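The next block holds one structure in the form of structure tokens; read it before the comments.
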Amino acid sequence: MMNGHRNGSASHGTIGTQLTSTARILLTVALISGSACLAQEDIRDLKLRDWQPRSMMKTRVTRVNTPAFPAIDVHNHLGGGKETLTPERVRRYLEAMDEAGVQTVINMDGGWDERLRESLEALDEAHPGRFLTFTLINFDDFESEGWGEREADRLRKSFAAGAKGLKFHKSFGLSYRRASGNLLRIDDPVLDPIWTICGELNKPVMIHSADPAAFFTPLDKYNERWHELNEHPNWLFHGDEFPSREELLAQQKAVIAKHPKTTFIGAHFGNNAEDLDAVGLWLDEHPNFYVDIDARISELGRQPYSCRRFFIRYQDRILFGTDTTPKVDAYRLYYRFLETDDEYFDTAESHHRQGFWMIYGIFLPSEVLEKVYHTNAAKLFGLPL
């Protein structure tokens, strides 16, 4: 009996062990299957903000370390005032410029009055020929009597102090409101004295009005800059509280037409890089209008054929600029776009991620490159050719 009991116990233990092993196997299979299902469900429900596709294309990569001609970056943001423009910071700017082959950088952040004087001292005066500084307008009391004339007088003093031009940020036309709640229009007559003094003293105006087309459309499944606008929701200007992009561009065009003796540089390819035909028409109609390429090679490079034709046709009116604090790799992406026929490459490092698409180089002829990089800007700013 004892033997039978032992045998029975042993038999029961073996069965229990077998059941336990079987259960473990079944549990493992279930977990694996469940994980696979979850993984499939997860990828189907992947958030758009988490999608980071990696191209499978095998394409040539041409490294252009320095530009074909000494570059003049006509649109950059270095900061202003002595607290920002310390000798150490300026030294870092110069090191990046030297490594990237950039002769001169134009700083849009000069400010006015004491801040402007400090900016000029830290950049233009400390490093002649390497930096040029633009001044700004003070909009604080723009509804007060005589504001336009007072700002024009301030501008005269700013230019006498050494400022090389005037910058208008994109907030112009989008955020300065009257007591009534209405936005200050770009073509408001109160600004006429400002445009006039710039023409009188031959100082160019860098004007940024509107923004990429997608910023003025609903943030929905059709918006091609969904990623960018979710990261920067304050860049979305769709809605009744803002004018349409077309209206802002029309106001800009009206100012350029009204003040033919004033030179205007349309930042970001005239603020309309998505519509080269329209920009070309503006250039045809207004000899006092130029465009720079800053922060728009992501737009220009996805239309390489028409873009190349445009650059060749308007080679005397296009300026090199980046809108990116001097960074060697960013500059080199611009050079790659302008000088090579490389295909399907990413431009995120040139500014920031601006869309899902890749771009193509436009391999400009040498004589066009020289004008875009150097000659056009040198003529405008009185630099050696």
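The values are calculated or read from the model by the stated rules, or taken from the named source; none is laboratory data. Worth saying up front: this structure is predicted, and the values here are computed from it rather than measured. FYI the Cβ positions are ideal-geometry reconstructions off the backbone, even for glycines, and counts take in every protein chain you see.
General observations
- Asp284 meets each of the listed conditions (1) touching a strand residue (DSSP E or B) at 6+ places or on another chain (Cβ under 7 Å); (2) of a type in the set (Asp, Glu); (3) over 19 Å from Ile359 (Cβ atoms) apart from (1).
- All positions within the stretch 331-385 that are within 27 Å of Glu231 (Cβ to Cβ), at pLDDT 95 or above and among the basic types (Lys, Arg): Arg332, Arg336
- Residues of the stretch 340-352 that are surrounded by 19 or more Cβ atoms within 10 Å (Cβ to Cβ), over 15 Å from the mean Cα position of the chain (by Cα) and either in a loop (DSSP other than H, G, I, E, B) or among the polar types (S, T, N, Q) (or both): Thr340, Asp342.
- Members of the stretch 180-216 that are among the small types (Gly, Ala, Ser) and farther than 24 Å from Leu300 by Cα: Ser180, Gly181, Gly199
- Every condition in (1) in contact with a helix residue (DSSP H, G or I) (Cβ under 9 Å, 6 or more places away or on another chain); (2) without any contact (Cβ under 8 Å) to a residue 60 or more places away in the chain holds for Pro326 except the one numbered (2).
For every residue, the table says whether it meets (1) at pLDDT below 95; (2) surrounded by 19 or more Cβ atoms within 10 Å (Cβ to Cβ); (3) assigned to a helix (DSSP H, G or I).
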residue: Ala68; (1), (2), (3): no, no, no
residue: Gly81; (1), (2), (3): no, no, no
residue: Arg89; (1), (2), (3): no, no, yes
residue: Met97; (1), (2), (3): no, yes, yes
residue: Gly111; (1), (2), (3): no, yes, no
residue: Ala122; (1), (2), (3): no, yes, yes
residue: Glu145; (1), (2), (3): no, no, no
residue: Glu149; (1), (2), (3): no, no, yes
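- Qualifying residue in the stretch 203-214 (condition: crowded, with 16+ Cβ neighbours inside 10 Å and part of a helix (DSSP H, G or I)): yes
- Taking the listed residues Gly239, Gly280, Gly266, the one that is without any contact (Cβ under 8 Å) to a residue 40 or more places away in the chain, crowded, with 17+ Cβ neighbours inside 10 Å and of a type in the set (Gly, Ala, Ser) is Gly280, with no other qualifying.
- One residue stands out in the stretch 283-317 among those that are touching a Ser or Thr at 6+ places or on another chain (Cβ under 8 Å) and either without any contact (Cβ under 8 Å) to a residue 24 or more places away in the chain or assigned to a helix (DSSP H, G or I) (or both): the one that is nearest to Lys167 (Cα to Cα), namely Ile297.
- Single unsatisfied condition, Thr104 versus (1) outside the structural domain of Phe168 (by TED's automatic domain parsing); (2) surrounded by 16 or more Cβ atoms within 10 Å (Cβ to Cβ); (3) hydroxyl-bearing (Ser, Thr, Tyr): (1)
- Some residue of the stretch 351-373 being assigned by TED's automatic domain parsing to the domain that holds Gly199 and without any contact (Cβ under 8 Å) to a residue 24 or more places away in the chain: no
- Residue ID - nearest to His268 (Cα to Cα), chosen from residues in the stretch 147-202 that are in contact with a strand residue (DSSP E or B) (Cβ under 6 Å, 6 or more places away or on another chain) and of a type in the set (A, V, I, L, M): Leu166
- Only one of the numbered conditions (1) more than 25 Å from Lys379 (Cβ to Cβ); (2) of a type outside the set (A, V, I, L, M); (3) at pLDDT 95 or above is not met by Asp140, and that is (3).
- Scope the stretch 170-186; condition surrounded by fewer than 18 Cβ atoms within 10 Å (Cβ to Cβ), part of a loop (DSSP other than H, G, I, E, B) and of a type outside the set (A, V, I, L, M, F, W, C); matching residues: Ser171, Ser175, Tyr176, Arg178, Ser180, Gly181, Asn182
- Count of residues meeting criterion [assigned to a loop (DSSP other than H, G, I, E, B), within 23 Å of the chain's Cα centre (by Cα) and surrounded by 15 or more Cβ atoms within 10 Å (Cβ to Cβ)] in the stretch 353-385: 9
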